[in-house]
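Taken together, the values in this text are just the output of simple stated rules run on the coordinates, not laboratory data. Quick caveat, the model's predicted, so the values are computed rather than measured. Positions of Cβ are backbone-derived with ideal geometry, glycine not excepted, and every protein chain shown enters the neighbour counts.
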Amino acid sequence: MNLKKIKNKIEKIEGFLSIKEGILLYNLARNCQGKGVIVEIGSYKGKSTAWLAMGSKSGKKVKIYTIDSHKSLGMPGEEGKDTFLDFKRNMEYMEAEDIVIPIVKTSKEAAENFKEPVELIFIDGSHKYEDVKMDFELWYPKVIDGGIMAFHDTVGWPGPEKVVEEFIFKSNNFKDVGFVDSITFAKKAKNIGKLDLIRTHYVYVIKKLYANIRKFKNYFKNYLPSPVKRALKKLLIFFLTFK
């Protein structure tokens, strides 16, 4: 199945993931070499899982362990709802049951007995700072050198944003840091050179700039009166075309 067909199929699954973020997860999973498994913390109804599964199937077919209590405590209108049945149906819909292994537990419960080395982990559980920090501290030791840690909603969500700032951007344990929309990802590494640190700092500055631009765009779109929007657009066009 080509990427366009995969995208069209996955877009029918309910979830909170942009297409760009989905393609990133697809590529990260496809590039896994089988040195460890793929882990997802927080699956909801399986949209991000589907991207990971399709990427893994197009690569080395690395197993994906999804960890979620499947109690939608924070979803408006779905408080306490069990989402596991929807998750299973979506995995069947994607024909991914052979590669996805669901663990219906909290991140902490699952980590206690999880022995597999991890090559890629996508953290997208509770967005409270203490919970994201706990997920990092529980799973970081299980990630192999050269493995990837990725975090969702690191733009616009204070908890994940603070965790990646403290434990990724200000750490000497990661390199090849990048971000796509709200996902920040990095490679765990022992030997970090000066050029790696410079690149990480550069990505951090660009990410902060991106976050501020996105905030401004949301404000511009939602709060400014229409006449002001039109005037600012004309002013912007003037500056872009002025010679």
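Quick notes on this structure:
- Relative contact order, percent, segment 89-149 [alpha-carbon distance under 8 Å, six or more residues apart]: 37 percent
- Panel order for T154, T83, by other beta carbons found within 10 Å of each beta carbon, from fewest to most: T83, T154.
- Listed pairs K88/K142; K5/K208; K162/K194 exceeding 32 Å between Cα atoms: K5/K208
- Across segment 3-241, the relative contact order, built from alpha-carbon pairs under 8 Å that are at least six residues apart, equals 15 percent.
- Using every pair of separate Cα atoms, the Kirkwood estimate puts the hydrodynamic radius of the chain at 19.1 angstrom.
- When you filter the trypsin sites (Lys or Arg not before Pro) in segment 101-144 for DSSP loop state and at most 16 other Cβ atoms inside 10 Å of their Cβ, you are left with K105, K115, K128.
- Dividing the alpha-carbon radius of gyration of segment 1-58 by the rule-of-thumb value 2.2 N^0.38 Å gives 1.05.
- The longest stretch of the chain left intact once loop-based GluC sites (Glu not before Pro) with at most 14 other Cβ atoms within 10 Å are removed from consideration, loops following DSSP, is 98-243.
- Here the Kirkwood formula puts the hydrodynamic radius of segment 37-135 at 13.7 Å, using every distinct Cα pair.
- For the set K133/K170; K45/K207; K20/K47; K7/K57; K20/K207, the pairs lying more than 19 angstrom apart at their alpha carbons are K45/K207.
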